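Reading through the structure tokens given below for one structure.
The values are calculated or read from the model by the stated rules, or taken from the named source; none is laboratory data. Remember, it's a predicted structure, so these values are computed and weren't measured experimentally. Cβ atoms come from the backbone with ideal geometry, glycine included; neighbour counts cover every protein chain shown. Only protein heavy atoms, including side chains, enter the accessible area calculation; ligands, DNA and RNA are left aside. Shrake-Rupley method; radii C 1.70, N 1.55, O 1.52, S 1.80 Å.
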Amino acid sequence: MNMQNTTALSGSAATGDGSGSTVELPTDGDQATHLAGSSTTGSGSGSGSGAAAGDGPADQSVQQPSSAHSNNTTNGHDVKQNGFAPNNNGSTSSNNNCALDGENNRENNGGYTGVHLDKSSQEIIRLIGQYLHDVGLEKSVKTLMGESNCYLEHPSATKFREHVLVGDWSKADGDLKDLEPLIDNGKTATITEMKFILLEQKYLEHLDDGNPLDALHVLRSELTPLQHNIARVHQLTSYMMCSTNHDLYQRAKWDGKGITSRALVMERLQTFMPPSVMMSPRRLRTLLQQAVDLQTQNCPCHDMAWQTNLQTVSLLTDHCCTTDGFPMQTIQVLTDHCDEVWFCKFSPDGLKLATGSKDSTVIIWDVDPYKLTLKHRRVLDGQAQLNVSFVSWSPDSKLILVGGTEDSHELFIWNVDDGKLVVKFSQSLEDSLACGTFSRDGNHFVCGGQKGQLYLCDLNGTLIDSWEGVRVNSVAFRADNKTILAADNHYRIRGYNFDNPRSDFDILREPHPIMTFSINAADRLALLNVSNQGLHLWDIEDKCLVRRFQGIRQSNFAIHSCFGGLNESFVASGSEDKVVYIWHLKREEPLAKLAGHTKTVNCVSWNPVYPSLLASASDDATVRIWGPKPTGSSATTESDDCSSSSSSSSWNMT
């Protein structure tokens, strides 16, 4: 049985788009099509509702089959072959709609073109014919079917649809009896289900018309004797108590009597029809949408926020997002640090970059979004003993939180605009404050380390609350500004809520140590750098591992990865093999491998506003700024081929 999910209206009522429906591809037997009969009088065109007929029914104007094929047929269709019977040569033909003798056809049909169409060509013509019919080009349908000697659908199916759409239930029931041998080989359960669907609509329309006695008759004399879907029968019975039509529509979740609800009924009934009898509604659109979806899945640089469909893409070219503006080559090397650079981070407004180094300095750089260059602004070096291992920007891009290694018991908040120290925070000389971050609203910050403390503070450095015994190496605030995520030495990420009552709970667990992690802007995905494992993507709502990205080399170093690119459709990470890796969020294999550093790449940061810019910090004491290739440039990278044949979205946001 060919079950197909469709959303578009069928026949003359097909007004919906239907492009998002998922359709199971039919078997060859279901998709076979027919040539018109050798003695067809008239044009062989579709009728007003899509029938492949001339001035009369097709079975009256077609040469009768030979006696070898006359047995075991109903309405011109073989009972077990859904309208097709094998001929002596092993091929298939239709007793009703296909000419069995080309010579006779040439003699008897003055309109015969001499074109012999294979099975695929006939199916394509049927698809085109259905589309032309749906958009109202009936003359074109008539010409196409007449010239190609193909048919659109079985005439009994056409009558069945017409009677359903006008609500002539007695005739529709008679049509269904004619179609029985062609539907699932006449299987009783299938036919019963179709009858039930018809009677259900008939019953509801009687109620809508205010004829409860007629509705009761349908319920008792027609629906109940079917002994099918008893639970639904009981539910239908309860609708007799509806006091108003509006109440009926709400309880039954029904659109009321009319073409809309009947068209939906017809769509349900069509799922039982083999394509040789009647194609599913708007089949061509469905196939084209499937092609667009497949091209979208295969697009290496696809912007996931862009919903591709038949209205937003061109069918004349393959879909592929352009790599113009994608950060694929080094455009600037920053060499102002004199030792290993452990961290880099663009500000939320995209106009500044902070870099932190083992040389105890933090350098602030200004970003020129038009020239795609960075310029040295100032050095924050007030604490000579602090080897900078992390920085965190406030949401307004005015403050920066700076911390050191595991041995550091202090952290600092600087005003970036004037370079002044705002807060110097320290609770105990025994503390380890090696990680920290601002809250999403910028009113608090949280910090912690490997000696067993987690502190929540305000922007004045005043301790609000603490959680003892928590050994963490990476923290993040969730969007609710209450929940703090922390990676601990038990290979977990746990959630901590300082509200009253306080609570803590597991988010996820890995089999190896979690060195660092980051959360995307949508507060749904977590990117984990896992010791000796590489880069893992987790869904923190469903608490499931989504993807293991391939290529990165990581042992026990703290490497910081990031989300980024257009609509955060990509992720990037450094690696111990001196390469910057970029992946599409939906693919495990790297999209690009950016070479240039000479030692381990410790941290990467993607500009959140200008996605053409990516920064990477390395043990080679440099920070590299990656940007797009100039137009016509012959520069190369160790990147995978992600060229495009057409431009669908632009990376050049400047």
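Per-residue Karplus couplings for the range 240-248, computed as 6.51 cos²θ - 1.76 cosθ + 1.60 with θ equal to phi - 60°, are listed in order as 4, 8, 5, 7, 9, 4, 4, 4, 4 Hz, Gly and Pro entered as x. Ordering of 293-299, 327-333 by packing is 327-333, 293-299, highest average first (other Cβ atoms within 10 Å, averaged per residue). Summary of the geometry: the range 164-194 and the range 215-267, compared by the centres of their Cα atoms, lie 18 Å apart. Per residue, the solvent-accessible area of the range 431-536 (1.4 Å probe, heavy atoms of protein chains only, all protein chains present) comes to 37 Å². Between N489 and N556, what is the label-to-label distance in nm when each label sits 7 Å out along the Cα-to-Cβ direction? In this crude label model, N489 to N556 measures out at 1.2 nm.
Rounded if a/c is under 1.5, else prolate if a/b is larger than b/c, else oblate: which is the range 349-448, with a ≥ b ≥ c the root eigenvalues of its Cα gyration tensor?
The shape class here is prolate.
The stretch between D214 and K375, if pulled fully straight at 0.36 nm per residue, gains 49.6 nm over its current Cα-Cα span. If you find the alpha carbon centre of the range 130-147 and of the range 545-560, how far apart are they in angstrom? A separation of 57 Å, based on Cα centres. On a per residue basis, the range 592-631 carries 28 Å² of accessible surface, using protein heavy atoms and a 1.4 Å probe.
Applying 1/(1 + (r/R0)^6) with R0 = 45 Å to the Cβ-Cβ distance of S120 and S503 gives a FRET efficiency near 0.15. Peptides 282-292, 548-558, ordered by how many other C-beta atoms sit within 10 Å of their residues on average, highest first, read 282-292, 548-558.
Cα centroid separation, the range 400-476 to the range 502-526: 19 Å.
Work out how much length A291 to A479 would gain on full extension: take 0.36 nm times their residue separation and subtract the Cα-Cα distance, in nm to one decimal. Can you show the working numbers first?
On the way: separation 188, 0.36 × 188 = 67.68 nm, distance 3.71 nm.
My answer for the length gained is 64.0 nm.
Taking a straight Cα-Cα cut-off under 15 Å and skipping sequence neighbours fewer than 8 places away in the same chain, the aspartates and glutamates within cross-link reach of K543 are D506, E510, D523. Carbon and sulfur: what percent of the range 208-331's accessible surface (1.4 Å probe)? Solvent-exposed carbon and sulfur of the range 208-331 make up 53 percent of the total.
For the Cα trace of the range 168-239, dividing Rg by the Kirkwood Rh returns an Rg/Rh value of 0.99.
The modelled label-to-label distance for the pair T190/L315, using points 7 Å beyond Cα in the direction of Cβ, is 2.9 nm.
Residue ranges 388-397, 427-436 sort as 388-397, 427-436 when ordered by packing (mean number of other C-beta atoms within 10 Å per residue, highest first). For the range 506-558, the fraction of 1.4 Å probe accessible surface lying on carbon and sulfur atoms is 45 percent.
How high is the relative contact order of the range 186-334, given as a whole-number percent (alpha carbon pairs under 8 Å, six or more residues apart)? Over the range 186-334, the number comes to 16 percent.
Available extension along the chain between L351 and D247 is 31.6 nm, counting 0.36 nm per residue and deducting the alpha carbon span.
The Cα-based radius of gyration of the range 541-630, divided by its Kirkwood radius, gives an Rg/Rh of 0.96.
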